[in-house]
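Colleague: Take this structure, written in structure tokens, and hold onto it; I'll ask about it next.
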Amino acid sequence: MERRRSRIQGWGVYATQTIPKNKRIIHYAGEQISSEESLKRERRYIRRGHIWCFKLTNRSVIDAGVGGNIARYINHSCRPNAYVDIRDGVIWIRASRKIRRGEEITYHYNTDGEGLIMCRCRPACQALL
């Protein structure tokens with residue numbers, strides 16, 4: 001995988017080789033924080049147009065803005081080619097279908113926030129994240 005500029009939003013993550021369906025692509029790394037702390041940080045992140053906090057459980061969140069990896073640059077799509085699989089406290093991004101070399105990797109964020117960021121996965125999309 002490599003990080004490059006994206007047509008969807010800012011930076012994106014692209015496959016450098018074919019990824020087979022259901023393969024674990026990468027884990028979503030970052031600092032584990034409380035849901036309460038996450039709300040404070042999310043306010044700052046939203047002002048910059050990003051969502052770095054990923055809900056792990058009702059009480060804990062992974063903040064990729066602190067200690068995160070390239071997974072934080074995977075963009076949202078309402079028609080994704082990957083999905084989230086949480087196993088033993090680890091957030092995995094997995095291929096939902098074969099992903100071709102050079103294709104941007106995307107997953108549906110399934111946010112439960114206030115919907116302050118407009119989806120940009122395609123020109124006709126009107127979803128709020």
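Colleague: Residues being open to solvent by 40 Å² or more (accessible area, probe 1.4 Å) and small (G, A, S): count how many of those fall in the stretch 69-95.
Modeller: Selection size over the stretch 69-95: 1.
Colleague: With the condition kept exactly as written, say whether any residue in the stretch 17-39 is within 21 Å of R79 (Cα to Cα), in contact (Cβ under 8 Å) with a residue 40 or more places away in the chain, of a type in the set (V, I, T) and part of a loop (DSSP other than H, G, I, E, B).
Modeller: Of the residues in the stretch 17-39, the ones within 21 Å of R79 (Cα to Cα) are 17-28.
From what is left, the residues that are in contact (Cβ under 8 Å) with a residue 40 or more places away in the chain are 17-28.
Then drop every residue that is not of a type in the set (V, I, T), which leaves 18-19, 25-26.
Filter again for part of a loop (DSSP other than H, G, I, E, B), leaving 18.
For the stretch 17-39, residues within 21 Å of R79 (Cα to Cα), in contact (Cβ under 8 Å) with a residue 40 or more places away in the chain, of a type in the set (V, I, T) and part of a loop (DSSP other than H, G, I, E, B): present.
Colleague: Within the stretch 51-63, is there a residue that is more than 18 Å from N110 (Cα to Cα) and either of a type outside the set (F, W, Y) or assigned to a loop (DSSP other than H, G, I, E, B) (or both)? Walk me through it before giving the result.
Modeller: Kept after step one, since they are more than 18 Å from N110 (Cα to Cα), are these residues of the stretch 51-63: none.
Looking for residues that are more than 18 Å from N110 (Cα to Cα) and either of a type outside the set (F, W, Y) or assigned to a loop (DSSP other than H, G, I, E, B) (or both), one finds none in the stretch 51-63, hence no.
Colleague: I'd like to know if the stretch 40-51 contains one or more residues that are open to solvent by 80 Å² or more (accessible area, probe 1.4 Å) and modelled with pLDDT of 90 or more.
Modeller: Applying the first criterion (open to solvent by 80 Å² or more (accessible area, probe 1.4 Å)) to the stretch 40-51 yields 40, 43-44, 47-48.
Checking which are modelled with pLDDT of 90 or more leaves us with 40.
Scanning the stretch 40-51 turns up at least one residue that is open to solvent by 80 Å² or more (accessible area, probe 1.4 Å) and modelled with pLDDT of 90 or more.
Colleague: Okay, moving on. Here is a list: Y45, Y109. Which entry is out of contact with any Lys or Arg (no Cβ under 6 Å at 6 or more places or on another chain), of a type in the set (S, T, Y), within 27 Å of C125 (Cα to Cα) and not in a loop (DSSP other than H, G, I, E, B)?
Modeller: Details: Y109 fails: not in a loop (DSSP other than H, G, I, E, B).
Result of the check over Y45, Y109: Y45.
Colleague: Here are some conditions: (1) under 25 Å from E103 (Cβ atoms); (2) open to solvent by less than 30 Å² (accessible area, probe 1.4 Å); (3) out of contact with any helix residue (DSSP H, G or I) (no Cβ under 8 Å at 6 or more places or on another chain). L56 meets all but one. Which one does it not meet?
Modeller: Among (1) under 25 Å from E103 (Cβ atoms); (2) open to solvent by less than 30 Å² (accessible area, probe 1.4 Å); (3) out of contact with any helix residue (DSSP H, G or I) (no Cβ under 8 Å at 6 or more places or on another chain), L56 violates only (1).
Colleague: When V61 is evaluated against the numbered criteria (1) in contact with a helix residue (DSSP H, G or I) (Cβ under 6 Å, 6 or more places away or on another chain); (2) open to solvent by 40 Å² or more (accessible area, probe 1.4 Å), which criterion, by number, is the only one it fails?
Modeller: With (1) in contact with a helix residue (DSSP H, G or I) (Cβ under 6 Å, 6 or more places away or on another chain); (2) open to solvent by 40 Å² or more (accessible area, probe 1.4 Å) applied to V61, the lone miss is (2).
Colleague: Yes or no: S34 modelled with pLDDT under 95, out of contact with any Lys or Arg (no Cβ under 6 Å at 6 or more places or on another chain), hydroxyl-bearing (S, T, Y) and open to solvent by less than 80 Å² (accessible area, probe 1.4 Å)?
Modeller: no
The values are calculated or read from the model by the stated rules, or taken from the named source; none is laboratory data. Predicted, not measured: the structure shown is a model, and the values here were computed from it. Glycine gets a Cβ as well: all are built from the backbone with ideal geometry, and neighbour counts include every protein chain shown. The protein model used for the area step is the full one, side chains on, heavy atoms only, and it has no ligands, DNA or RNA in it. Shrake-Rupley method; radii C 1.70, N 1.55, O 1.52, S 1.80 Å.
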